[in-house]
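Peer 1: Below are the structure tokens for one structure; questions will follow.
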Amino acid sequence: MNRRQFLSNSSQASLAALLASRTSLFQGPNVKRVGLNLFSCPKLLESDVAGTLKLLAGMGYKDLELYGPYSFSTEAAKKHWEAIVPQVGFSGSGFFGKDAKTFRKMLDDSGLKAPSLHTDLDTLSTSMGNLAEGAHAMSSRYVVLPSIPDDKRKTLDDYKKMAELFNKIGAEAKKNGIRYAYHNHGYGLSPMEGQIPLDIIFKNTDPDLVFFEMDLYWTTAGGADPIKLLTEHKGRYRLMHVKDMKQKVRFSGDGGDPKQWIELWDYMTTVGDGVLDIPNIVKTAKANGMEHFIVEQDIVKLPEIALKKSYDHLQIL
């Protein structure tokens, strides 16, 4: 091989390597089924359920994550929602005024599925049979606790008791043909008496009974590293709320109450428009057992535009 051929071959090899790296960087871990948590557009759903479902399907969304309370939720859960309606500005309604059969038909007609349902601790603890029946009616695989009530997470001992309860809930869920998952907020991520409360939940729950849904926004606002959690707890996280931040922000306190969550809503932005390393996070999540990627932008303004942009970004990672 003469010098000219060597240089030509070297240049071609360098170009090929560069193109491969660019392809890996910009196309990366494509998410084929993108879900949406309906807390992103509750006011649209309250005004026109069928039209909103068709709108979301038209954007490309395949899966939806519902939130309660539902007709089968406990009375305590329904009263809790009634109390926070003035803060959030809309009513909590799992099926938006429809019965389960009617709502399921609306999903089917729009080509949508609902693999997960957000619910509450009281319903999970005392009414698993009814909850499972509702989940099966939607063909949902996961029932998810969105947050631990603040009076049940004051001490490390509270978190240990919660881990024991999670095991019982997980066992009941499995017995009823579904899976239980816990969705994190900002609390439990900072040291309490020298220990991280979330670590207590991981260490004291059965991996076959208790799964997790990572919320990228609240995890970051609580000071934790999503990638570190995903790799340290391989196989535990099965669902993810994909969110982005305009800038890195932290809770004003421990992230333990709705007031602190609402304070940070304005820093949420369309997936891909913020500072979080979404491509790397998604790639790491897929490598560690993630099954469902669910866009959530709490009560976003102009959902018709923002939610479409988030979907499109996840398609071109």
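Peer 1: Treating only the Cβ atoms of Lys and Arg (+1) and Asp and Glu (-1) as charged, compute the dipole magnitude of the chain about its Cα centre; round to the nearest 20 debye.
Peer 2: 1300
Peer 1: Would you calculate the separation in nanometres between label points at LYS234 and ILE316, each defined as 7 Å from the Cα along the Cα-to-beta-carbon direction?
Peer 2: 3.4
Peer 1: Have a look at the DSSP beta bridges in the chain and tell me what percent are antiparallel, nearest 5.
Peer 2: Counting only bridges with both partners in the chain, antiparallel ones make up about 10 percent.
Peer 1: Using label points projected 7 Å from each Cα along Cα→Cβ, tell me how many nm separate VAL85 and ILE305, to one decimal.
Peer 2: Reported label-point gap for VAL85 and ILE305 is 3.1 nm.
Peer 1: If you line up the long axis of helix 156-175 against the longest principal axis of the chain, both from Cα atoms, how many degrees apart are they, to the nearest 10?
Peer 2: For 156-175 against the chain, the angle is about 90 degrees.
Peer 1: Give me the net charge for the shell around LEU209: Cβ to Cβ below 12 angstrom, other residues only, Lys and Arg +1, Asp and Glu -1.
Peer 2: +1
Peer 1: Just subtract the alpha-carbon distance of ASP277 and LYS174 from 0.36 nm times their residue separation and send over the number in nm, one decimal.
Peer 2: Going from the current span to full extension adds 33.6 nm.
Peer 1: If each DSSP helix of 4+ residues adds -39,500 (n - 2.57) and the sum is divided by the residues in the chain, what number results at 222 nm, nearest 500 deg cm²/dmol?
Peer 2: Computed ellipticity for the chain at 222 nm equals -14500 deg cm²/dmol.
Peer 1: For log10 I(q)/I(0) by the Debye sum over Cα atoms at q = 0.09, 0.11, 0.16 Å⁻¹, one of (1) -0.47, -0.68, -1.47; (2) -0.39, -0.61, -1.45; (3) -0.52, -0.75, -1.29 was computed from the structure I shared and the rest are decoys. Which label?
Peer 2: From the options (1) -0.47, -0.68, -1.47; (2) -0.39, -0.61, -1.45; (3) -0.52, -0.75, -1.29, the structure gives (1).
Peer 1: Cα axis of helix 49-59 to longest principal axis of the chain: angle in degrees, 0 to 90, nearest 10?
Peer 2: 10
Peer 1: For an R0 of 22 angstrom, estimate the FRET efficiency from the Cβ-Cβ distance between ARG33 and HIS136 and round to the nearest 0.05.
Peer 2: It comes out at approximately 0.60.
Peer 1: Which FRET efficiency value, to the nearest 0.05, is calculated for LYS62 and ILE227 with the Förster distance at 22 angstrom and r the Cβ-Cβ distance?
Peer 2: Computed FRET efficiency for LYS62 and ILE227: 0.30.
Peer 1: Tell me, what is the Rg over Rh of segment 159-245, with Rh the Kirkwood radius over Cα pairs?
Peer 2: Taking Rh as the inverse mean 1/r over Cα pairs, Rg/Rh reads 0.97.
Peer 1: Ok, one more. In segment 62-106, what trypsin sites (Lys or Arg not before Pro) fall in a loop by DSSP, with at most 16 other Cβ atoms inside 10 Å?
Peer 2: Sparse-neighbourhood loop trypsin sites (Lys or Arg not before Pro): LYS62, LYS98.
Peer 1: A follow-up question, please. Just tell me which lysines come within less than 23 Å, Cα to Cα, of LYS32; anything on the same chain fewer than 8 places away is out.
Peer 2: LYS54, LYS62, LYS113, LYS234, LYS243, LYS283, LYS286, LYS308, LYS309
Peer 1: Between the alpha-carbon centers of segment 172-247 and segment 248-297, tell me the distance in whole angstrom.
Peer 2: Using only Cα atoms, the two centres lie 13 Å from each other.
Just so you know, all these numbers are worked out from the coordinates, no wet-lab data involved. Being a predicted model, the structure only gives us computed values, none of them experimental. Backbone-built Cβ (ideal geometry, glycine too); neighbour counts: all protein chains shown.
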